[in-house]
Amino acid sequence: MSEKWLVNRGPHNATVVHYDDLTDNLTVENIYDVEPALDQARFARDHKDAVGHGKDLRHVTEIPMDVLAKSMKEGWSPADWKRWANDPDNRMFRVWGGKI
């Protein structure tokens, strides 16, 4: 029999612990809502004057919490961040349309 417990709940995230007594396996699942990051990216794209799109300093992307957590766990380098930001699958989080 497996069991699960909600151990943390925030406005945009939750942590659930799963335990399987057949395998004696314990798994921690972090669940993130990416809608706030999508909303912020959309707002920033639509209101360029409000977020700063200068020559030297640009608001390039919004980073969802699950991506931030993964990057910290894996120790991402600047090249990893560039790869993530330029990936077409992540374009909905982009604010600035250029290539990094």
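Straightening the chain between residue 76 and residue 31 buys 14.1 nm, computed as 0.36 nm per residue apart minus the Cα-Cα spacing. By the helix-only formula, in which each DSSP H run with n ≥ 4 contributes -39500 (n - 2.57) and the sum is divided by residues, the chain has a 222 nm mean residue ellipticity of -10000 deg cm²/dmol. For the range 1-40, the orientation-averaged shadow of the C-alpha convex hull comes to 3.1 nm² (one quarter of the hull surface). Taking the charge dipole of the chain about its Cα centre, with +1 at Lys and Arg Cβ atoms and -1 at Asp and Glu Cβ atoms, the residue from 16, 92, 6 reaching farthest to the positive side is 92. Estimated from the Cβ-Cβ distance and a Förster radius of 35 angstrom, the FRET efficiency linking residue 89 and residue 3 is about 0.55. Counting every C-alpha pair in the chain, the share spaced more than 20 angstrom apart comes to 52%.
Read-outs throughout are calculated quantities, based only on the coordinates presented, and are distinct from any laboratory measurement. In this text, all values refer to a predicted model and were calculated from it rather than measured experimentally. Cβ coordinates were reconstructed from backbone atoms using ideal geometry, including for glycine residues, and neighbour counts include every protein chain displayed.
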